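To start, the structure under review is shown below, and the notes come after it.
The values are calculated or read from the model by the stated rules, or taken from the named source; none is laboratory data. Because the structure is predicted, anything quoted here is derived from the model rather than measured. FYI the Cβ positions are ideal-geometry reconstructions off the backbone, even for glycines, and counts take in every protein chain you see.
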Amino acid sequence: MPDNLFNAAEVVDMGIAKEVKRRDFYALVAKRFKEKEMQELFSRLRDWEDEHIKKFTDIRNTIEDSEITESYQGEFQAYIRSLVDDMQYKQVSAESFDKFVKNPVDAINYGMGFERDAILFFGELAAHMTPAHKEKVSRLIEEERKHLMYLAKLKAGYK
């Protein structure tokens with residue numbers, strides 16, 4: 001297989017990596033805030049992402065290493081790279097957290113960005129999966145939507 005083609009398994013691996021980054025961010029937020037409400041919220045989000053990692057790992061373990069169909073060579077790679085190469089994920093570290101997250105609303109905004117990203121990425125992934133896997137991914141996307149709405153409601157309470 002040429003280097004510039006992805007297979008479905010590799011794309012799921014990228015999604016799992018993004019889930020790990022989200023989980024790690026939420027764990028960091030839970031530790032950094034002193035407010036019990038924030039600790040509980042971000043611990044819950046961390047746990048939800050951990051469940052998603054397990055579910056996507058199960059999907060990954062059943063995917064064949066088949067190529068993704070492209071209109072032209074490198075199309076899917078470029079598109080997926082644009083979804084994966086996100087500055088927000090590069091800022092998931094203790095140093096970046098201290099620099100960019102000054103209050104609960106900042107943390108909630110980051111969380112909302114991560115959830116929107118998950119919906120977009122996994123929605124695109126689902127379009128290239130078998131019907132059985134597509135159904136599982138669609139359920140996970142719905143969970144991400146619920147997380148987004150949960151965070152939006154919480155954010156509205158801070159204004």
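Quick grid of which residues meet (1) among the aromatic types (F, W, Y); (2) at pLDDT below 85; (3) surrounded by 14 or more Cβ atoms within 10 Å (Cβ to Cβ):
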residue: V12; (1), (2), (3): no, yes, yes
residue: Y26; (1), (2), (3): yes, no, yes
residue: K36; (1), (2), (3): no, no, no
residue: L41; (1), (2), (3): no, no, yes
residue: W48; (1), (2), (3): yes, no, yes
residue: I59; (1), (2), (3): no, yes, yes
residue: E64; (1), (2), (3): no, yes, no
residue: F76; (1), (2), (3): yes, yes, yes
residue: R81; (1), (2), (3): no, yes, no
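Selection of segment 123-140 for residues being surrounded by fewer than 17 Cβ atoms within 10 Å (Cβ to Cβ) and within 30 Å of E37 (Cβ to Cβ) yields only R139.
Within segment 105-140, can you find the residues that are in a helix (DSSP H, G or I), of a type in the set (A, V, I, L, M) and within 20 Å of T62 (Cβ to Cβ)? Listed by number, the residues that qualify are L125, A126, A132, V137, L140. Selection within segment 145-159: residues that are touching a residue at least 40 places away in the same chain (Cβ under 8 Å) and surrounded by 15 or more Cβ atoms within 10 Å (Cβ to Cβ). The member of this set that is nearest to R23 (Cα to Cα) is H147.
K102 fulfils the conditions (1) under 22 Å from D50 (Cβ atoms); (2) at pLDDT below 85 except for a single criterion, (1).
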